[in-house]
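All remarks here apply to the structure that follows.
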Amino acid sequence: MTHTNGAEEAQDHLLGWLLPDGDPVGSLAQEDVERFCWYELPVKWAAEPTEYRRVLTTLAQLLDDAGRPRAAALCTSEATQEILAAWQRAPEEGRAAFQQAAAASPVTPPDSGLLVWGAVMGIDEAVARTNASRLLEQALDDGVLVPGSRGYAAARISCLERWLTTPHPTHDGRTPLAAIHAERRRTWAEAPPAARRRLRGPLADLLATAPKAPNDTAEPLRWLLESVGDGVTLTQAGYLPRALAIEAAERYDWYLPGMVPRTEHDVARLAELHELARHTRLLAKRHRKLSLTARGRQHLADPALLEDTAAGTWFGDGVRADLAEAAAAALLDGETALDDLTTAAHALATELFTRADGSAPSRDDVRHFLWRWLRPGEALGFLTYRDRRHSTIALTDTGRAAALTALRARAHAPRSTPGG
């Protein structure tokens with residue numbers, strides 16, 4: 001009689017932990033079972049390791065009785081035993097084993113071209129991720145997804161992306177993707193410090209709608225990719241052929257009037273394009289032959305993809321990208337003098353960064369980073385100088401779309417820290 005009462009008490013404890021609202025066992029998601037078996041039991045559950053097997057056997061029986069054989073099998077699987085053993089050896093080993101197993105689980109929503117899940121999530125994203133996990137679990141139960149079958153990985157992503165782009169009542173009739181992006185934009189716009197909030201706040205609504213990529217976006221880059229095509233022979237110094245340097249100089253007025261460049265080195269904007277195309281793997285060098293890659297051909301066939309890559313590379317990351325935000329925000333309001341761009345970026349830099357000696361960045365520091373953004377921007381056809389004598393700069397039509405594309409990508413990026 002005592003044994004029966006003990007078993008019932010163990011069941012009640014499990015159900016109270018896993019289903020505190022009294023929901024039926026059959027409603028328990030596999031993701032919740034995994035988290036309990038692989039993390040909560042060894043870290044949060046008040047039990048000795050010698051008791052783990054009894055607890056897991058009890059949970060497996062409850063799930064089996066509820067018609068959940070796959071989740072039941074997980075409780076007593078060899079993988080679960082290995083993870084629990086890792087926790088007993090060392091906390092860092094256990095955490096690594098848990099994270100690796102969770103990432104490989106068929107019910108863990110994968111990253112895709114539409115969305116990379118954040119390490120830190122807001123409420124909308126966390127709810128969407130939970131619902132996505134249940135979607136995948138249901139597809140496994142229905143036999144729509146079969147792990148290990150041909151095309152399984154692609155089918156899994158396709159299933160998820162259909163769901164992400166279908167309106168859902170949980171998100172007030174918006175698609176889960178739209179809800180996640182809206183939440184990320186809010187977090188992005190509200191991220192400290194104050195200078196950043198002042199900069200990003202007015203942009204948040206502007207970024208709610210994706211700009212239409214012009215067909216001629218990054219036209220100089222497109223020209224270079226098409227000109228290289230199946231291959232050109234680089235010079236001994238690794239430069240593009242002189243004929244291409246001359247054509248670029250004439251086509252875009254990139255050299256002194258009446259003079260003819262000798263090498264790519266004489267045409268700074270062409271050198272910027274060459275470096276960008278190699279960096280983004282649109283062009284590849286083998287020995288002295290430079291050729292268009294498969295990725296490059298894909299970009300030539302898709303203006304939106306070319307814009308995404310060109311805009312993202314233009315903004316870069318780290319300090320350059322933060323200062324590019326400030327410069328782009330100023331330019332979206334209209335043509336701006338370089339001194340005013342420097343002032344806008346410097347206001348942000350003094351709140352975001354310090355130099356190695358602890359002092360605030362100088363205007364010259366900021367101008368240096370801005371030039372690293374302005375040069376490729378002009379080479380890509382995104383920026384133009386209205387008045388070179390006074391360094392008055394403006395976004396071209398393709399540049400405006402590219403700036404919005406890059407800012408939108410940053411606003412929608414996954415979060416890795418609570419502050420965004």
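The values are calculated or read from the model by the stated rules, or taken from the named source; none is laboratory data. Fair warning: this is a prediction, and the values are worked out from it, not measured in the lab. Positions of Cβ are backbone-derived with ideal geometry, glycine not excepted, and every protein chain shown enters the neighbour counts. These accessible areas exclude ligands, DNA and RNA; they are computed on the full protein's heavy atoms, side chains included. Shrake-Rupley method; radii C 1.70, N 1.55, O 1.52, S 1.80 Å.
Where the only charges are on Cβ atoms (+1 Lys, Arg; -1 Asp, Glu), what is the dipole of the stretch 106-149 about its Cα centre, to the nearest 20 debye?
With Lys and Arg at +1 and Asp and Glu at -1, about 60 debye.
Report the net charge of residues surrounding Phe369, where surrounding means a beta-carbon distance below 14 angstrom and charges are Lys +1, Arg +1, Asp -1, Glu -1.
Result for the local shell: +1.
Rounded to the nearest 20 debye, what is the charge dipole size of the chain about its Cα centre when +1 sits on each Lys and Arg Cβ and -1 on each Asp and Glu Cβ?
1620 debye
Taking semi-axes √(5λ) of the Cα gyration tensor in Å as the quantity of interest, determine which of [x] 35, 24, 19; [y] 53, 25, 20; [z] 50, 28, 22 was computed from the displayed structure.
Only one option fits the structure, namely [y].
Leaving out ligands, DNA and RNA but keeping every protein chain, what accessible area does Met259 have, in Å² rounded to the nearest 10, with a 1.4 Å probe?
110 Å²
Please give me the summed charge of the neighbours of Leu306: other residues whose Cβ is under 14 Å from its Cβ, Lys and Arg +1, Asp and Glu -1.
Combined, the nearby Lys, Arg, Asp and Glu give -1.
Any chance you could check the Cα centroid distance between the stretch 58-107 and the stretch 155-215 for me, in angstrom?
What the calculation gives is 34 Å, centre to centre.
Cβ under 14 Å from Gln88's Cβ, Gln88 left aside: what net charge do those residues give with Lys, Arg +1 and Asp, Glu -1?
So the surrounding residues net to -2.
Students often forget the sequence filter, so: which lysines lie under 16 Å Cα-Cα from Lys44 once same-chain residues fewer than 8 apart are removed?
none
Across the chain, where is the longest run that never hits trypsin sites (Lys or Arg not before Pro) in a DSSP loop with at most 14 other C-beta atoms within 10 Å?
Answer from the scan: 45-149.
Give me the percent of accessible area attributable to carbon and sulfur for the stretch 295-364, probe 1.4 angstrom.
The nonpolar share, carbon plus sulfur, comes to 46 percent.
Roughly how many Å² is the accessible area per residue of the stretch 234-307, as a whole number, for a 1.4 Å probe?
Normalised by residue count, the accessible surface of the stretch 234-307 is 59 Å².
Please list the equivalent ellipsoid semi-axes of the stretch 142-290, computed as the square roots of five times the alpha-carbon gyration tensor eigenvalues, in descending order and whole angstrom.
One finds semi-axes of 44, 26, 13 Å for the stretch 142-290.
Can I get the semi-axes of the stretch 1-111's equivalent ellipsoid? Compute them from the C-alpha gyration tensor as square roots of 5 times the eigenvalues, in angstrom, largest first.
Each semi-axis is √(5λ); the values are 23, 18, 12 Å.
Largest first, how would Glu272, Glu92 line up by accessible area (1.4 Å probe)?
If we order Glu272, Glu92 from most to least accessible, we get Glu92, Glu272.
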